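Input: a single structure, listed below in structure tokens.
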Amino acid sequence: MEHKILVVDDEKRMRTLVKDFLVRQNFTVLEAGNGEDAVDIFLENKDISLVILDVMMPKMDGWQVCREIRDYSKVPVIMLTARGAEQDELKGFELGVDEYISKPFSPKILVARVQAILRRSHQASEGILEIGGIELNRAAHEVLIDGKRIDLSFKEFELLTYFMEQKDIALSRERILNHVWDYDYFGDARTIDTHVKKLRSKMGERGNCIKTIWGMGYKFEV
């Protein structure tokens, strides 16, 4: 399957560098030099597989572009930024950014991240997620850990699905509530902690994949 990638950066040199590396891996690349053009191109092309997006741009910055895209699509987004500040990173994840890469970066690493994200989203579209001995089958609503089936409640299953889809991404409790409980939840965030605790115990040793980030939330990593 041929993937189409939108590269958005106001520096032509940077766009060309990224494009050259992606084209070598048989990706089709569209380019935009500012945020407004990026949104227009995205809306005109319904088959974009992934967006690589610079934060600092004229007319409309990367955050705003990401917001606009998220109104229409869950397409994977990689943010490029010169700032490695933690609050920027958290802001990006709150907006649904999939990866966050600080400039300067290695184009080879960027391409590897692109390939990993597209592989994950392809697996997700097929309904099967498989990471580190954990196999989750959406259609069958079944989870196998090292080949053994485990029984999860509906919410535990949804929670594990979300964690696996957002592998290696720091997730705030608010974001988890909004995605898994599917509405703006104003109740007690400890609901999540309770579900995570049960989920971890059912997963046995593999429960260690769900890491606690103190004062924020959780991260799924293998």
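General remarks:
- Criterion applied to Asn45, Asn34, Asn26 was being at pLDDT 90 or above and at positive phi, and the one residue passing it is Asn26.
- Residue list for segment 1-20, restricted to those being touching a Pro at 6+ places or on another chain (Cβ under 9 Å) and either farther than 12 Å from Val111 by Cα or surrounded by fewer than 17 Cβ atoms within 10 Å (Cβ to Cβ) (or both): Asp10, Leu17, Asp20
- The listed residues are Ile52, Ile69, and the only one of them that is in the same structural domain as Asp98 (by TED's automatic domain parsing), modelled with pLDDT of 95 or more, of a type in the set (A, V, I, L, M, F, W, C) and surrounded by 14 or more Cβ atoms within 10 Å (Cβ to Cβ) turns out to be Ile52.
- Apart from one condition, Val29 fits all of (1) part of a helix (DSSP H, G or I); (2) of a type outside the set (Gly, Ala, Ser); (3) surrounded by 13 or more Cβ atoms within 10 Å (Cβ to Cβ); the exception is (1).
- Hey, Lys167 out of contact with any helix residue (DSSP H, G or I) (no Cβ under 6 Å at 6 or more places or on another chain) and under 21 Å from Val75 (Cβ atoms) or not: yes
- Val222 being surrounded by 17 or more Cβ atoms within 10 Å (Cβ to Cβ) and not in a helix (DSSP H, G or I): no
- Residue match in segment 104-112 (condition: free of Cβ contacts under 8 Å to residues at least 40 places away in the same chain, assigned to a helix (DSSP H, G or I) and either within 30 Å of Asp10 (Cβ to Cβ) or aromatic (Phe, Trp, Tyr) (or both)): yes
- Qualifying residues in segment 173-185 (those that are of a type outside the set (D, E, K, R) and buried (at least 18 other Cβ atoms within 10 Å of the Cβ)) - the one nearest to Asp98 (Cα to Cα): Ile176
- In segment 194-213, the residues that are assigned by TED's automatic domain parsing to the domain that holds Leu136 form Cβ pairs under 8 Å with partners that are aromatic (Phe, Trp, Tyr) and in a strand (DSSP E or B), at six or more places apart or across chains, as follows: Val196/Tyr218; Cys209/Phe220; Ile210/Tyr218; Ile210/Phe220; Lys211/Tyr218; Lys211/Phe220; Thr212/Tyr218.
- Pick from segment 207-218, criterion surrounded by 18 or more Cβ atoms within 10 Å (Cβ to Cβ) and in a strand (DSSP E or B), ranking: modelled with the lowest pLDDT: Gly217
The values are calculated or read from the model by the stated rules, or taken from the named source; none is laboratory data. Here the structure is a predicted model, which is why all the values come from computation and not from measurement. Backbone-built Cβ (ideal geometry, glycine too); neighbour counts: all protein chains shown.
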